[in-house]
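Student: Here you go, one structure.
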């Protein structure tokens with residue numbers, strides 16, 4: 001599990017170096033920040049431990065120093081394409097058709113949705129942010 005979360009963070013960092021990326025929930029948030037957070041696991045999607053499915057809830061947090069510029073920065077990272085797009089970084093991490101994703105850590109992954117676009121509090125600091133739910137499938 002830890003390797004998959006780290007792989008997601010590394011994939012985003014490789015394509016979006018302006019983001020501080022973590023495969024774990026950091027104690028403090030160096031902004032802008034992407035991290036892999038909560039994990040939900042569905043075991044045995046196929047017989048004989050053939051396939052497990054994981055949903056990783058990642059968070060993307062940016063500064064709220066200025067309401068308009070903070071939300072504009074968040075929007076750039078949440079765009080479907082472009083140099084700041086987290087979605088584009090995760091699509092690239094899928095690899096070529098027929099190849100495993102995340103450098104062999106899983107069979108495939110898919111950014112399913114963005115949710116909870118709102119203010120987040122970490123410690124006593126407020127950030128603009130959103131959750132990105134990533135579906136990962138692989139052998140059990």
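Student: Just to check your reading of the model, which residue among 50, 80 is touching a helix residue (DSSP H, G or I) at 6+ places or on another chain (Cβ under 7 Å) and surrounded by fewer than 12 Cβ atoms within 10 Å (Cβ to Cβ)? If you could, list the steps in order and put the result at the bottom.
Tutor: Values: 50 fails: touching a helix residue (DSSP H, G or I) at 6+ places or on another chain (Cβ under 7 Å).
On inspection, the qualifying residue turns out to be 80.
Student: (1) closer than 21 Å to residue 122 by Cβ; (2) touching a helix residue (DSSP H, G or I) at 6+ places or on another chain (Cβ under 7 Å); (3) without any contact (Cβ under 8 Å) to a residue 60 or more places away in the chain: which one isn't true of residue 75, the others all being true?
Tutor: With (1) closer than 21 Å to residue 122 by Cβ; (2) touching a helix residue (DSSP H, G or I) at 6+ places or on another chain (Cβ under 7 Å); (3) without any contact (Cβ under 8 Å) to a residue 60 or more places away in the chain applied to residue 75, the lone miss is (2).
Student: Quick one: in the range 14-33, of everything that is within 13 Å of residue 60 (Cβ to Cβ) and under 10 Å from the mean Cα position of the chain (by Cα), which residue is surrounded by the most Cβ atoms within 10 Å (Cβ to Cβ)?
Tutor: Here the answer is 21.
Student: Show the residue pairs that are 6+ apart or on different chains and have beta-carbon atoms under 7 Å apart, the first residue being within the range 115-129 and farther than 10 Å from residue 63 by Cα, the second being exposed (fewer than 14 other Cβ atoms within 10 Å of the Cβ).
Tutor: Sorted first by the residue in the range 115-129, then by its partner, the pairs are 123/28.
Student: For the range 93-109, enumerate the residues that are under 15 Å from residue 4 (Cα atoms) and loosely packed, with under 14 Cβ neighbours inside 10 Å.
Tutor: Correct list: 103, 104.
Student: Also, quick follow-up: How many of the residues making up the range 38-47 are at pLDDT 95 or above and surrounded by 12 or more Cβ atoms within 10 Å (Cβ to Cβ)? Full working, then the answer.
Tutor: First pass over the range 38-47, keeping only residues at pLDDT 95 or above: 38-40.
Those left that are additionally surrounded by 12 or more Cβ atoms within 10 Å (Cβ to Cβ): 38-39.
The total comes to 2.
The values are calculated or read from the model by the stated rules, or taken from the named source; none is laboratory data. These figures come from a predicted structure and were not determined experimentally. Neighbour counts run over all protein chains shown; Cβ positions are idealised from the backbone, glycine included.
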